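See below for the structure under consideration.
The values are calculated or read from the model by the stated rules, or taken from the named source; none is laboratory data. Everything numeric here is computed off the predicted structure, so don't read it as measured data. Here the Cβ positions follow ideal geometry from the backbone for every residue, glycine too, while neighbour counts run over all protein chains shown.
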Amino acid sequence: MSSPLQHCRTRPLLGISMGDPGGIGPEICAKALDSPAVYDLCRPLVVGDAEIMRDAVGFCGLGLQVRACGQPADAAYQYGAVDVLDLGKLPLSALRLGAVTAVQGKASFDYVAKVIALALAGEIDGTVTAPISKAALNAGGCRYAGHTELYGDLTQTADFTMMLAEGDFRVTHVSTHVSLREACDRVKTPRVLKVIELTHGALVHMDIAAPRIAVAGLNPHCGEGGLFGTEDEQEIAPAVAAARATGIQAEGPLPADTLFSKLRGGRYDAVVAMYHDQGHIPTKLMGFHYDAATGVWGQLAGVNLTLGLPIVRTSVDHGTAFDKAGKGSANPQSMLEAIRLAALLSRRS
């Protein structure tokens with residue numbers, strides 16, 4: 001039988017950035033860590049402000065302690081107490097629940113920057129991020145379009161991409177947080193090929209031996225022979241051909257209006273989408289369930305991964321939900337899934 005110390009060492013240590021303090025990030029962190037099963041999978045360490053986490057535990061009515069620590073080695077990683085690497089960035093008196101503020105945006109940046117630094121230094125095994133506000137982030141002087149771009153910059157990674165995953169429904173993106181006009185301009189053969197390669201590598205890392213990857217077209221009906229645009233023939237098709245020449249099982253470009261149904265039916269292991277909403281809408285349709293009669297999200301499933309980084313990063317697949325902040329009603333499902341996937345990937349890294 002393994003000793004408690006050996007068990008501790010087999011569980012990856014995950015740094016969980018707390019997210020924007022004014023949103024639901026602290027709440028979903030607290031609720032996720034109220035699950036004993038999480039502690040069987042990993043050693044979770046929230047990176048943020050201990051006072052803010054205590055407040056979230058309180059208004060959620062959870063029977064948890066919050067234990068502040070100065071470094072990962074100081075934490076106990078035992079169910080019943082949330083270990084927080086306390087950065088002291090935002091006093092509770094400055095908290096503005098449900099509001100976009102510059103100070104909260106800067107704090108959210110500092111939490112993420114710290115988990116990245118810890119992972120790059122080998123002090124933690126993987127990272128998980130709670131949602132941040134892009135508006136608050138930029139108001140705080142941090143000029144990033146979102147987590148994905150922030151991670152790419154702080155890890156000095158040139159080629160990276162976003163993958164959304166809801167079970168076996170996986171979608172990667174050629175571009176994400178840019179205007180639709182710019183997204184069309186970014187559909188170039190080298191970028192499409194790189195995203196196909198990153199997708200293939202990630203699927204192999206997930207123990208899919210021979211991944212089947214579908215590549216979406218950009219234009220209606222993949223351009224209909226040039227009638228509706230030429231990008232499909234001139235940019236996407238050559239990238240697919242180049243990927244196939246290296247042994248990757250890629251197909252495309254394929255019409256996006258039917259492609260995702262085939263992904264759901266199991267014909268493919270992942271889809272490469274050309275832009276943000278082309279990939280996000282079908283994935284969130286799969287994972288998010290809203291009940292208009294109650295106004296409640298019955299399910300918020302799905303995980304966001306950043307591929308191509310030198311460290312593991314997973315995230316929730318939703319935003320800060322400022323309208324729910326402080327009410328104790330936020331659903332932690334996506335956070336739980338992000339923690340589980342980060343633990344799995346960290347063990348395989």
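Key figures
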| item | result |
| --- | --- |
| Criterion (buried (at least 22 other Cβ atoms within 10 Å of the Cβ), more than 21 Å from the chain's Cα centre (by Cα) and touching a residue at least 24 places away in the same chain (Cβ under 8 Å)) met by exactly one of Asp40, Asp83 | Asp83 |
| Index of the failed condition, Tyr77 passing every other in (1) in contact with a helix residue (DSSP H, G or I) (Cβ under 8 Å, 6 or more places away or on another chain); (2) surrounded by 18 or more Cβ atoms within 10 Å (Cβ to Cβ); (3) at pLDDT 95 or above; (4) closer than 23 Å to Arg347 by Cβ | (2) |
| Any pair with Cβ under 7 angstrom, 6 or more apart, that starts in region 262-278 at a residue that is more than 21 Å from Leu193 (Cα to Cα) and in the same structural domain as Thr189 (by TED's automatic domain parsing) and ends at one that is of a type in the set (Ser, Thr, Tyr) and assigned to a loop (DSSP other than H, G, I, E, B) | Lys262/Tyr268 |
| Qualifying residue in region 107-121 (condition: small (Gly, Ala, Ser), assigned to a loop (DSSP other than H, G, I, E, B) and at pLDDT below 95) | no |
| Condition met for Tyr290 (in contact (Cβ under 8 Å) with a residue 12 or more places away in the chain, surrounded by fewer than 24 Cβ atoms within 10 Å (Cβ to Cβ) and hydroxyl-bearing (Ser, Thr, Tyr)) | no |
| In region 162-219, the residues that are under 24 Å from Arg347 (Cβ atoms), without any contact (Cβ under 8 Å) to a residue 40 or more places away in the chain and not in a loop (DSSP other than H, G, I, E, B) | Val204 |
| Index of the failed condition, Glu123 passing every other in (1) crowded, with 17+ Cβ neighbours inside 10 Å; (2) in contact with a Pro (Cβ under 6 Å, 6 or more places away or on another chain) | (1) |
| Any hit, region 128-146, residues being over 24 Å from Val178 (Cβ atoms), in the same structural domain as Pro12 (by TED's automatic domain parsing) and crowded, with 24+ Cβ neighbours inside 10 Å | yes |
| Sole exception among (1) in a helix (DSSP H, G or I); (2) in the same structural domain as Pro44 (by TED's automatic domain parsing); (3) surrounded by 15 or more Cβ atoms within 10 Å (Cβ to Cβ) for Ala330, by number | (1) |
| Failed item, numbered, when Asp159 is tested on (1) acidic (Asp, Glu); (2) surrounded by fewer than 16 Cβ atoms within 10 Å (Cβ to Cβ); (3) assigned to a helix (DSSP H, G or I) | (3) |
| Number of the condition not met by Val103 [criteria: (1) without any contact (Cβ under 8 Å) to a residue 60 or more places away in the chain; (2) at positive phi] | (2) |
| Residue in region 93-105 that is touching a strand residue (DSSP E or B) at 6+ places or on another chain (Cβ under 7 Å), surrounded by 16 or more Cβ atoms within 10 Å (Cβ to Cβ), not in a loop (DSSP other than H, G, I, E, B) and not β-branched (Val, Ile, Thr) present | no |
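Condition check ((1) in contact with a Gly (Cβ under 8 Å, 6 or more places away or on another chain); (2) at pLDDT 95 or above; (3) aliphatic (A, V, I, L, M)) across all residues:
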| residue | (1), (2), (3) |
| --- | --- |
| Ser2 | no, no, no |
| His7 | no, no, no |
| Thr10 | no, no, no |
| Pro26 | yes, yes, no |
| Tyr39 | no, yes, no |
| Val47 | yes, yes, yes |
| Ile52 | no, yes, yes |
